[in-house]
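These notes concern the structure reproduced below.
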Amino acid sequence: MQSTLIKNDHAQAKAQPFHPLLKSSAYFFGIAILLAISAFSIHLEVIHISGNVGEDSLVEQLQEFYLLIVGTLFAAVAIKHKAQRNFAILASAFFYIMLIRELDGLFDQISHGFWKYPAWLLATMAIGFAWSNKKQTVNQLVKYTQHRSFGLMLAGVATLLVFARIYGMGVLWQGAMQENYMRSVKNLAEEGTELLAYSLILFSAAWYCLPELFKKKQ
């Protein structure tokens, strides 16, 4: 009996190191597939659809779709888990506001710059809710920063808000192409980088939110 237990323990100890490797491999293939979908959407738009990445392009629509999923994932966590509600509402509102900004062309049909009004309203409501229990909000945010997906989220948001903005500046591409400057090339580089950032953000959000949604309600 004892020898059987020792053998089982030895087998489990021997097999255990492979589990993290399999999990890491699954994460790699997951993000690789997502990035491939994003990259092929750019190919499809440029080669087979319009030849350019404009406001109503497949790339723009995919960016908006990714943002919608991310905002909805965090909103679902807020609904299901009271212990994470304050943080999750802030996160959801942040990405929904980014979605509203991406849809500025749609809101401009009402009035130029109209997107600012629903964005400010949503921001005020989310911040007000989080501020109503500051200590709980801070504790939930701290807990989120300790999750392994947080680093990837930081990388995605920084790529979107910093790198893509600087990399997509017209002066850079005018300097690179000189008299052969084409705005369509500049747009392709900028929107492609933004789609990369949104892909990282989406994967990070799914990494955190999906396991939380499968947990028992808190």
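Restricted to segment 116-131, and to residues there that are touching a helix residue (DSSP H, G or I) at 6+ places or on another chain (Cβ under 8 Å) and either exposed (fewer than 13 other Cβ atoms within 10 Å of the Cβ) or outside any helix (DSSP H, G or I) (or both), the residue that is modelled with the lowest pLDDT is 131.
Do we have any residue at all in segment 73-89 that's closer than 22 Å to residue 194 by Cα and either more than 19 Å from the chain's Cα centre (by Cα) or modelled with pLDDT of 95 or more (or both)? Steps first, answer last, please.
Kept after step one, since they are closer than 22 Å to residue 194 by Cα, are these residues of segment 73-89: 73-74.
Those still in the list that are either more than 19 Å from the chain's Cα centre (by Cα) or modelled with pLDDT of 95 or more (or both) too: 73-74.
The answer is yes; a qualifying residue exists.
Exactly one residue out of 155, 189, 164 is touching a helix residue (DSSP H, G or I) at 6+ places or on another chain (Cβ under 7 Å) and modelled with pLDDT of 95 or more, and it is 155.
Results for (1) loosely packed, with under 14 Cβ neighbours inside 10 Å; (2) under 15 Å from the mean Cα position of the chain (by Cα); (3) within 18 Å of residue 35 (Cα to Cα); (4) aliphatic (A, V, I, L, M), shown as yes or no for each residue.
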{"residue": "150", "(1), (2), (3), (4)": "no, yes, no, no"}
{"residue": "159", "(1), (2), (3), (4)": "no, yes, yes, no"}
{"residue": "164", "(1), (2), (3), (4)": "no, yes, yes, yes"}
{"residue": "177", "(1), (2), (3), (4)": "yes, no, no, yes"}
{"residue": "182", "(1), (2), (3), (4)": "yes, no, no, yes"}
{"residue": "186", "(1), (2), (3), (4)": "no, no, no, no"}
{"residue": "190", "(1), (2), (3), (4)": "no, no, yes, no"}
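Within the span defined as segment 95-103, every residue fails to be assigned to a helix (DSSP H, G or I), without any contact (Cβ under 8 Å) to a residue 24 or more places away in the chain, more than 22 Å from residue 194 (Cα to Cα) and hydrophobic (A, V, I, L, M, F, W, C).
The values are calculated or read from the model by the stated rules, or taken from the named source; none is laboratory data. Computed from a predicted structure; not experimentally measured. In this analysis, Cβ positions are derived from the backbone assuming ideal geometry, glycine residues included, and neighbour counts consider all displayed protein chains.
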